[in-house]
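The values are calculated or read from the model by the stated rules, or taken from the named source; none is laboratory data. This one's a predicted model, so the numbers in the text were calculated from it and none came from an experiment. Positions of Cβ are generated from backbone atoms using ideal geometry, with glycine treated the same way; all protein chains shown enter the neighbour counts.
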Amino acid sequence: MRSSFLGLEVSKRTIQLSQKALDITGGNLSNSKTEGYTRQVVDVGAKYLNRYQYWQTSSSRMTLAGQGAIGIGVDQVRDPYIDKRYRESTPYVAEYSTSADVLREVETVLDNITTDGLTACVDEFKKAVSSYAERPDSEELASIVRNSAYNLTNQLHSYSKDLHDLKMTNLESLEASIEDTNNIIDRIVNYNKSIVKEYTAMANGELGPNESVTGGYGPNEMLDERNLLLDELSYKGNMSVYDNADGSVRVIMNGVEIINGEQYEHIYMKGSTKIDKEYASELERDFDAYNAAVLRWTSGDDAKFVTGELKAYTDMLNGNGVYKTGYQNDSYGIPYYESTMNAFAHTFANFMNQFNGAVDVNGTLVDPSRLLFCTNEYEDPRYNVGYEDLDMTMDNIRIANTWMENAKMIGEVYDEKSGSWNLSLDGDHINQITVKLNSQSLDFGGKGDFEGTVYDYLLFISNRIGQNIDYFDSRHDAAFATTNALLDSRDAVSGVSETEEGINMLTYQNWYNASARLMTALDEALDKLINSTGRVGL
């Protein structure tokens, strides 16, 4: 025979369960706008008796059936596969977006290269040369040629400063990204510790040595916060996340285990203390040590990334194309465009010096008195260096003292009979400068990067920047669309729908009302049994 109060106990438990379901529904609605919140549900199961207990008989099993429902736990509605795919996609969005933004800054510095920048300086120089060719004996027109060349060197100096400042700005951005990465790692580890403690408390010491809490009911809000941090970390670089048996997570980033429970690695920029030079900051010193941003984990492993924000910054700071050396790579980053401007300065200066008889076809100095361009150090008495000992760059190119002292030397031709240089009054010699600038093919940089005229080279640089930006923009758009689709899928599974929760609220309310009505009916039946049984006819 069933217990007299069995039905009341079942109804009481069902009312409590429906109340908890309403609580969870209210919690979902309250957090519908909370970032990273995962929709929660009460898992309900049927209560049953253990049929193998010795005191039960076959008849007692039937009489004790109908134990009602019990709450198994509060679960998160989450799809691990979508999380994995989302974290595989987000680093590509970060890489392409960051790379495109940095290159747009490079374009801002060099955008006028084919309009009112360096090309305009070359045009101005050619125009001054053409005017001088009409009156080779004019000191004033010769000075205008030299001044236009001076303007060209100033434009190169401006590019040098702006590109260097841009590099330092992005170096600071890399440092901020590194600090942010380390901060995220620390917070994930702290959540690992707290979550493991919570699981241990919930298990009441009953968890065996080979058992796992993975997939069990846990501290849902802390799990949400940790998942949000894992999403943020995925922007920094490609990574994989694995669950540990104790409820903590293990994170591997490009083959290096950076988090495992309470164990972790930090990332830093490797530097050198052997450089005897004053620096504005340790950051600049560390970068200058290798002429590149070299990232390491505290374990000593190289921090190399397939994709992500950190890869974008290191590529933009270390990418030197065909000019790469040491720790640099072959991406087209800020150093590459510095190298292209250095190649222009070197090639243009040697072209003009060769035209004026100062250097031979190999760029070797043959007559210092004929120099039009040289480096700052070459004519500085504090330095005892030869012309070939220092490369001409956009930073150190200058008008040679010989040209400063004699503006008309550019109009002189060599007389083999007398062995002297004399001013040519017909202008043909001077006009050859314009002809060669328009048509002579030059090997810029000597690295096989480009061969063509001065104008072709400037157009080549401008086009390469534009093509690189278009490439990263198109790849970003594709990766962003994929990431958004995955985010929509995750929101469809894990996000809170106010409409759906409203329906759930009505369902649980009806469940509560029905359970309460059942308790009333059982109370009436029990009242009849107690107060009316044996009172026939009364």
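Residues considered: Ala128, Ala120, Ala94, Ala149. Of these, the only one that is assigned to a helix (DSSP H, G or I), in contact (Cβ under 8 Å) with a residue 40 or more places away in the chain and either out of contact with any strand residue (DSSP E or B) (no Cβ under 8 Å at 6 or more places or on another chain) or of a type in the set (Asp, Glu) (or both) is Ala94. When Gly446 is tested against the conditions (1) on the phi > 0 side of the Ramachandran plot; (2) in contact with a strand residue (DSSP E or B) (Cβ under 8 Å, 6 or more places away or on another chain), the lone failure is (2).
Elements of the type strands (runs of 3 or more DSSP E) sitting completely within segment 227-343 and holding at least 3 residues that are assigned by TED's automatic domain parsing to the domain that holds Ala176 and more than 20 Å from Glu88 (Cα to Cα): these cover 267-269, 295-297. The C-beta contact set for segment 449-464 (first residue over 18 Å from Glu124 (Cβ atoms), second residue at pLDDT 90 or above and aliphatic (A, V, I, L, M), distance under 7 angstrom, 6+ apart or interchain) comprises Asp449/Val322.
Across segment 383-407, the number of residues qualifying as of a type outside the set (Gly, Ala, Ser), farther than 19 Å from Gln354 by Cβ and in contact (Cβ under 8 Å) with a residue 60 or more places away in the chain comes to 3. Residues in segment 375-386: is at least one surrounded by fewer than 17 Cβ atoms within 10 Å (Cβ to Cβ), modelled with pLDDT of 90 or more and of a type in the set (Val, Ile, Thr)? No, segment 375-386 has no match at all. There is at least one residue in segment 506-515 that is among the small types (Gly, Ala, Ser) and surrounded by fewer than 16 Cβ atoms within 10 Å (Cβ to Cβ).
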